[in-house]
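Here is the structure we will look at, set down as structure tokens.
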Ligand SMILES: [Zn+2]
Ligand SMILES: [Zn+2]
């Protein structure tokens, strides 16, 4: 991919005042309201007002949320690292929408822009652009974790994701995002009610499997943009600060292996070595064997060795 030093005019759109306000209120609500639910879950746990069903709902919905974002939105939609049926595509888009990280056009355009400008001017969420010194680094880390979503700019749909824009069946999941996001909150309430048969179970299912799950899974996911671009191992010289952060990788099913991922963005696996934690990569390998997904892309051993030997981005551009 050609390197780009400054964002082109068409790639980043400055929002008008009312659109910026709507974006701010939406993003702020999605960041904070599930947090209130998490506080409620903590009180319920402390008071002993929960059942095993609530804990299973939390775990089950965490899996749906994280697989939806990592396999669906990230590896399938943003990077096209494998192919699948229209049916399973729908399953992935609905599961990803339940994550509450925004509709697919927002997600894909933001993410592709992140790869293009990784840790340089134009990156929507780099923790490394706030300056030198401890205070600036901490400020950058916090900004890249959440407040970046409150910015008054948007990534151009036409520039970053014309392929998704053209695909009417895929775009359907963009238009119906809110429906799936709310369904992801109500589903655990309905299951809680069906299993336990009480209104309290519906409420605790909503709190544990809906709100607390959304908040905690997204906190983990946002660590990919913050911690995994600051702390961790760097086996590949990508010309950015992407790092392999194992704790983040465990909670995000492999996404914390950012250094590997920026070296091979089109690979369905984020692990380069077998022991690196990449639950979504392992799941895709199994789904490939079951023929649910196909044409799984990954670099072979020679490509990995060649990439390891290669110098930083500047050398690569010249090669
Ligand atoms: Zn990254
Ligand atoms: Zn990516």
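Restricting 113, 75 to residues that are within 16 Å of ligand 2 (Cβ to nearest atom) and closer than 19 Å to residue 248 by Cα narrows the list to 75. Set side by side, the residues 266, 254, 281 differ, and just one is surrounded by fewer than 18 Cβ atoms within 10 Å (Cβ to Cβ), within 16 Å of ligand 2 (Cβ to nearest atom) and touching a residue at least 24 places away in the same chain (Cβ under 8 Å), which is 266.
Table: residues versus (1) without any contact (Cβ under 8 Å) to a residue 12 or more places away in the chain; (2) farther than 24 Å from residue 264 by Cβ.
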| residue | (1), (2) |
| --- | --- |
| 45 | yes, yes |
| 56 | yes, yes |
| 81 | no, no |
| 98 | no, yes |
| 105 | no, yes |
| 130 | no, yes |
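Can you confirm whether residue 220 is in a helix (DSSP H, G or I), touching a residue at least 60 places away in the same chain (Cβ under 8 Å), within 16 Å of ligand 1 (Cβ to nearest atom) and within 15 Å of the chain's Cα centre (by Cα)?
Working: in a helix (DSSP H, G or I): yes; touching a residue at least 60 places away in the same chain (Cβ under 8 Å): yes; within 16 Å of ligand 1 (Cβ to nearest atom): yes; within 15 Å of the chain's Cα centre (by Cα): yes.
Here the answer is yes, as residue 220 does meet what is asked.
Being surrounded by fewer than 21 Cβ atoms within 10 Å (Cβ to Cβ), under 13 Å from residue 225 (Cα atoms) and under 14 Å from the mean Cα position of the chain (by Cα) is a property that residue 111 lacks. Selection of the stretch 228-251 for residues being away from ligand 1 (no atom under 12 Å from the Cβ) and closer than 15 Å to residue 70 by Cα yields 249, 250, 251.
Please determine, by comparing only the residues of the stretch 185-205 that are in a helix (DSSP H, G or I) and without any contact (Cβ under 8 Å) to a residue 24 or more places away in the chain, which one is nearest to residue 101 (Cα to Cα).
Checked the stretch 185-205; the qualifying residue nearest to residue 101 (Cα to Cα) is 189.
Right, residue 225: touching a residue at least 60 places away in the same chain (Cβ under 8 Å), on the phi > 0 side of the Ramachandran plot, within 16 Å of ligand 1 (Cβ to nearest atom) and surrounded by 22 or more Cβ atoms within 10 Å (Cβ to Cβ) or not?
Values: touching a residue at least 60 places away in the same chain (Cβ under 8 Å): yes; on the phi > 0 side of the Ramachandran plot: no; within 16 Å of ligand 1 (Cβ to nearest atom): yes; surrounded by 22 or more Cβ atoms within 10 Å (Cβ to Cβ): yes.
Judged against the criteria, residue 225 is not a match.
Does residue 99 satisfy the condition of being away from ligand 1 (no atom under 16 Å from the Cβ) and surrounded by 17 or more Cβ atoms within 10 Å (Cβ to Cβ)? Judged against the criteria, residue 99 is a match. From the list 205, 184, 197, 233, the one residue that fits, being on the phi > 0 side of the Ramachandran plot and either surrounded by fewer than 21 Cβ atoms within 10 Å (Cβ to Cβ) or away from ligand 2 (no atom under 16 Å from the Cβ) (or both), is 197. Residue 117 - would you say it is away from ligand 1 (no atom under 16 Å from the Cβ) and farther than 20 Å from residue 31 by Cβ? When the stated conditions are applied, residue 117 does not pass them. Residue 266 meets the conditions (1) within 29 Å of residue 56 (Cβ to Cβ); (2) out of contact with any helix residue (DSSP H, G or I) (no Cβ under 9 Å at 6 or more places or on another chain); (3) assigned to a loop (DSSP other than H, G, I, E, B) in every case but one. The failed one is (1).
Report yes if residue 63 is within 18 Å of the chain's Cα centre (by Cα), away from ligand 2 (no atom under 16 Å from the Cβ), in a helix (DSSP H, G or I) and surrounded by fewer than 18 Cβ atoms within 10 Å (Cβ to Cβ), otherwise no. Reasoning before the result, please.
Numbers: within 18 Å of the chain's Cα centre (by Cα): yes; away from ligand 2 (no atom under 16 Å from the Cβ): yes; in a helix (DSSP H, G or I): yes; surrounded by fewer than 18 Cβ atoms within 10 Å (Cβ to Cβ): yes.
Yes; evaluated as a whole, the condition is true for this residue.
Flag: residue 94 does not match the condition of being away from ligand 2 (no atom under 16 Å from the Cβ) and modelled with pLDDT under 95.
The values are calculated or read from the model by the stated rules, or taken from the named source; none is laboratory data. Given the structure is predicted, the values throughout are model-derived calculations rather than measurements. Positions of Cβ are generated from backbone atoms using ideal geometry, with glycine treated the same way; all protein chains shown enter the neighbour counts.
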